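Engineer: The structure under discussion is supplied below as structure tokens; questions concerning it will follow.
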Amino acid sequence: MPRSEHPVSREAISDNALKVLYRLHNSGYQAYLVGGCVRDILLGKEPKDFDVTTDATPEQIKDLFRNCRLIGRRFRLAHIVFGREIIEVATFRGHHQNNDDESKLSKQSDHGQLLRDNVFGSIEEDAQRRDFTINAMYYNIADYSIRDFAGGMQAIKNRKIALIGDPETRYREDPVRMLRAVRFTAKLNMSISKESAEPIKAMAPLMANIPPARLFEEVLKLLLSGQGLDTYRLLNKFHLFEPLFPQLAPLLVHQEGKESKFVELVLTNTDNRINTGQRVTPAFIFAAFMWYPLEERCQQLMAEGGLNHFDAFNLAMNDVMHRQIQRIMIPKRFSIPVRDIWQLQNRLPKRYGRRAYQMLEHPKFRAAYDFLLMRGQIEGGQLLELADWWTDFQEADEGSRKNMLNVLREKEGGATRRPRKRRKPKPKPQA
């Protein structure tokens, strides 16, 4: 096992991570930085978070840190909380022996998926349990060296994402590893090794075994990390997009179709905002990915049930959202704004009188306007004219706004609006 003296800048490691490492080390335990933070430091990137691994058990870790909480059933972990920063500490994982005592600590499904995994072992065993070679490098706080158990440094040099062990077995243990392979490929500008890539398409249906709540967090990492467009294309390439968004996937058959163009435009815009430090919300992505399934379901309800557009649209919103949260559990703090964005698409064309001013004051106006603008860029015609009108209205002064509303009233409403009838005065009672 190569031991590298590759220099790791102490400035690249957060002060809180160093506190955890040194307290474990000074208490007689082994302590290593591991995984993505070591990988990112070697790549010259700033780590997003820091993970620590040790031979101390979760209970021993808790005894050392008053600011520790133990979490997880599938994997027992310790979170050391420093305000907003959380240092995750895991005990070295061991191999499964399938004996009676261990059955209480580990469990697999019929598909080979790990449902519980609290078997502890040595650092060598822990390295073999890691997913990818680039994530099996350990920075030792005792001598400041890097222990590379699976050829991670060579993988970085070759720019290859490769699983440790048999790919099919490892994907069955945790199908989310297929998503992680795609995410690392896009994030690190690498490619998946032939052996690790080959089983993915056939095993993509195993994603149906992942709890919807876990998939929500994974989708945020996939699409809101600044490489959303590249990640989306890789998900399609490996047949992983359909298990995540089963209502949208059938509409993406034609790359030149409006649905495909809209998704790519939204992801391009999102990537640009993230990479320039602007705010983004998952609600916008989910609203976009379910918009055309919503339109399709609305038209279906109008045709089959004879409903008007208003009723059909509201029913379709419920249907589409319900089906989606069966695959990805979208919390209410995001599902409610998604509905707001959708409903405002029907209100934005109604601009007469005070409605235009009231619309500007709506808390979700800006998101709904951006959504309308992208729809207009894809579909053109009256939709683009409407988006351009709202662009001009936002930028106009008060006098220009009143003039725009007058022109709009004359153009769209004047010819069709009936003159108001004057009421005849009631006859005065005779004295």
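Engineer: Can you tell me which of GLU173, GLU242 is buried (at least 18 other Cβ atoms within 10 Å of the Cβ) and modelled with pLDDT under 95? Walk me through it before giving the result.
Structural biologist: Values: GLU242 fails: modelled with pLDDT under 95.
Being buried (at least 18 other Cβ atoms within 10 Å of the Cβ) and modelled with pLDDT under 95 holds for just one of GLU173, GLU242, which is GLU173.
Engineer: Just to be sure before I move on: is GLN394 under 24 Å from LYS258 (Cβ atoms), polar (S, T, N, Q) and more than 27 Å from the chain's Cα centre (by Cα) in the structure I sent?
Structural biologist: Numbers: under 24 Å from LYS258 (Cβ atoms): no; polar (S, T, N, Q): yes; more than 27 Å from the chain's Cα centre (by Cα): yes.
When the stated conditions are applied, GLN394 does not pass them.
Engineer: State all residues of segment 179-200 that are in contact with a strand residue (DSSP E or B) (Cβ under 9 Å, 6 or more places away or on another chain), of a type in the set (Gly, Ala, Ser) and in a helix (DSSP H, G or I); if no residue qualifies, say none.
Structural biologist: Selection gives ALA181, SER196, ALA197.
Engineer: Being within 30 Å of PRO212 (Cα to Cα), out of contact with any strand residue (DSSP E or B) (no Cβ under 6 Å at 6 or more places or on another chain) and either polar (S, T, N, Q) or modelled with pLDDT of 95 or more (or both) narrows it down to one residue among ALA367, ALA387; which is it?
Structural biologist: Numbers: ALA387 fails: within 30 Å of PRO212 (Cα to Cα).
On inspection, the qualifying residue turns out to be ALA367.
Engineer: Still on this model: Quick one: count up the residues across segment 348-392 that are small (Gly, Ala, Ser), in contact with a Phe, Trp or Tyr (Cβ under 8 Å, 6 or more places away or on another chain) and part of a loop (DSSP other than H, G, I, E, B).
Structural biologist: Keep residues of segment 348-392 that are small (Gly, Ala, Ser), which gives 353, 356, 367-368, 376, 380-381, 387.
Okay, now just the ones that are also in contact with a Phe, Trp or Tyr (Cβ under 8 Å, 6 or more places away or on another chain), so 356, 367, 387.
Checking which are part of a loop (DSSP other than H, G, I, E, B) leaves us with none.
Residues meeting the conditions: 0.
Engineer: Could you list, in sequence order, the residues of segment 336-355 that are more than 19 Å from ASP311 (Cα to Cα), free of Cβ contacts under 8 Å to residues at least 60 places away in the same chain and surrounded by fewer than 19 Cβ atoms within 10 Å (Cβ to Cβ)?
Structural biologist: First, the residues of segment 336-355 that are more than 19 Å from ASP311 (Cα to Cα): 337, 351-355.
When the remaining residues are screened for being free of Cβ contacts under 8 Å to residues at least 60 places away in the same chain, the result is 337, 351, 353-355.
Passing the criteria: GLY353, ARG354, ARG355.
Engineer: Let me ask you something else. Can you find, within segment 138-170, the residue that is surrounded by the fewest Cβ atoms within 10 Å (Cβ to Cβ) among those that are among the small types (Gly, Ala, Ser) and more than 24 Å from the chain's Cα centre (by Cα)? Talk me through it step by step, then tell me what you get.
Structural biologist: Filtering segment 138-170 for residues among the small types (Gly, Ala, Ser) gives 142, 145, 150-152, 155, 162, 165.
Cutting the leftovers down to more than 24 Å from the chain's Cα centre (by Cα) gives us 142, 145, 150-152, 155, 165.
Values: ALA142: 10, SER145: 16, ALA150: 21, GLY151: 19, GLY152: 27, ALA155: 22, GLY165: 13.
Checking each candidate, the answer is ALA142.
Engineer: Which numbered condition trips up LYS19, out of (1) modelled with pLDDT of 95 or more; (2) under 21 Å from PHE120 (Cα atoms); (3) of a type in the set (D, E, K, R)?
Structural biologist: Exception for LYS19: condition (2).
Engineer: For GLN227, are the conditions met, namely being in contact with a Phe, Trp or Tyr (Cβ under 9 Å, 6 or more places away or on another chain) and in contact (Cβ under 8 Å) with a residue 24 or more places away in the chain? First the steps, then the outcome.
Structural biologist: Numbers: in contact with a Phe, Trp or Tyr (Cβ under 9 Å, 6 or more places away or on another chain): no; in contact (Cβ under 8 Å) with a residue 24 or more places away in the chain: yes.
For GLN227, the condition - in contact with a Phe, Trp or Tyr (Cβ under 9 Å, 6 or more places away or on another chain) and in contact (Cβ under 8 Å) with a residue 24 or more places away in the chain - is not met.
Engineer: Could you list, in sequence order, the residues of segment 10-54 that are of a type in the set (Ser, Thr, Tyr) and in a helix (DSSP H, G or I)?
Structural biologist: Going residue by residue through segment 10-54, those that are of a type in the set (Ser, Thr, Tyr) are 14, 22, 27, 29, 32, 53-54.
TYR22 - this is the single residue of segment 10-54 that is of a type in the set (Ser, Thr, Tyr) and in a helix (DSSP H, G or I).
Engineer: Let me ask something else about it. In segment 287-330, which residue that is polar (S, T, N, Q) and without any contact (Cβ under 8 Å) to a residue 40 or more places away in the chain is surrounded by the most Cβ atoms within 10 Å (Cβ to Cβ)?
Structural biologist: Result: ASN314.
Residues are listed down the side, and each one gets a yes or a no for (1) under 30 Å from VAL8 (Cα atoms); (2) of a type in the set (Gly, Ala, Ser); (3) assigned to a loop (DSSP other than H, G, I, E, B):
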position: GLU125; (1), (2), (3): yes, no, no
position: ARG147; (1), (2), (3): yes, no, no
position: MET153; (1), (2), (3): yes, no, no
position: LYS157; (1), (2), (3): yes, no, no
position: GLY165; (1), (2), (3): yes, yes, yes
position: THR169; (1), (2), (3): no, no, no
position: ARG177; (1), (2), (3): yes, no, no
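Engineer: Can you tell me which of ALA303, ALA316, ALA312, ALA283 is at pLDDT below 95, assigned to a helix (DSSP H, G or I) and farther than 22 Å from MET178 by Cβ? Please lay out each step first, then the result.
Structural biologist: Details: ALA316 fails: at pLDDT below 95; ALA312 fails: at pLDDT below 95; ALA283 fails: at pLDDT below 95.
So the residue among ALA303, ALA316, ALA312, ALA283 that is at pLDDT below 95, assigned to a helix (DSSP H, G or I) and farther than 22 Å from MET178 by Cβ is ALA303.
The values are calculated or read from the model by the stated rules, or taken from the named source; none is laboratory data. Remember, predicted model here, so these are calculated numbers, not experimental data. Ideal geometry is used to build each Cβ from the backbone, glycine not excepted, and the neighbour counts take in all protein chains shown.
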